[in-house]
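The values are calculated or read from the model by the stated rules, or taken from the named source; none is laboratory data. Bear in mind that the values here come from a model prediction, so they are computed numbers and not experimental data. Neighbour counts are summed over all protein chains in view; Cβ atoms, including those assigned to glycine, are modelled from backbone coordinates with ideal geometry. Ligands, DNA and RNA are excluded from the accessible area calculation, which covers all protein heavy atoms including side chains. Shrake-Rupley method; radii C 1.70, N 1.55, O 1.52, S 1.80 Å.
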Amino acid sequence: GPPCRTDGLVLQAPARALLEGDTVTLRCRARKDTSVTGVQFYHEDNEVGRSLSGTELSLSPLQLHHGGRYRCWGWVASWLPLWRQSAQVTVTV
């Protein structure tokens, strides 16, 4: 596969405690105000969402099985588009 770099994307999740039934949105953001496209979200090692334009994954209503480790991948725009992945974020329900 493509080389994995974790310096280009940040996966943002709520910092508060999460409860079943909550509306939770994970956002895949590029650092330094660059844009990211073709975002794919992974929960553990399973692809859970792909969007050609969007950068958000909605877990709503939140359920126990949504807990675990998430990361996102995407193309980060720069002078040369780069395929990047975020560091893992753990969602605790």
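Checking each residue in the range 37-85 for being within 16 Å of Ala13 (Cβ to Cβ) and among the β-branched types (Val, Ile, Thr) picks out Val39, Val48, Thr55. Within the range 19-43, being more than 19 Å from Ala87 (Cβ to Cβ) and touching a residue at least 60 places away in the same chain (Cβ under 8 Å) holds for Leu19, Glu20.
Reported count of residues in the range 35-57, each being more than 10 Å from Trp73 (Cβ to Cβ) and either modelled with pLDDT of 80 or more or surrounded by fewer than 13 Cβ atoms within 10 Å (Cβ to Cβ) (or both), is 14.
Within the range 75-89, not a single residue is modelled with pLDDT of 90 or more and basic (Lys, Arg).
Residues of the range 1-24 that are open to solvent by 70 Å² or more (accessible area, probe 1.4 Å) and either at pLDDT 90 or above or among the acidic types (Asp, Glu) (or both): Asp7, Gln12, Leu19, Glu20, Thr23. Just one of (1) crowded, with 17+ Cβ neighbours inside 10 Å; (2) at pLDDT below 90; (3) among the basic types (Lys, Arg) fails for Arg29. It is (2). Do we find that Trp79 is out of contact with any Leu (no Cβ under 9 Å at 6 or more places or on another chain) and loosely packed, with under 12 Cβ neighbours inside 10 Å in this structure? Yes; evaluated as a whole, the condition is true for this residue. Can you tell me which residues in the range 50-86 are assigned to a loop (DSSP other than H, G, I, E, B), under 12 Å from Thr25 (Cβ atoms) and not hydroxyl-bearing (Ser, Thr, Tyr)? Answer for the range 50-86, where residues must be assigned to a loop (DSSP other than H, G, I, E, B), under 12 Å from Thr25 (Cβ atoms) and not hydroxyl-bearing (Ser, Thr, Tyr): Gly54, Leu62.
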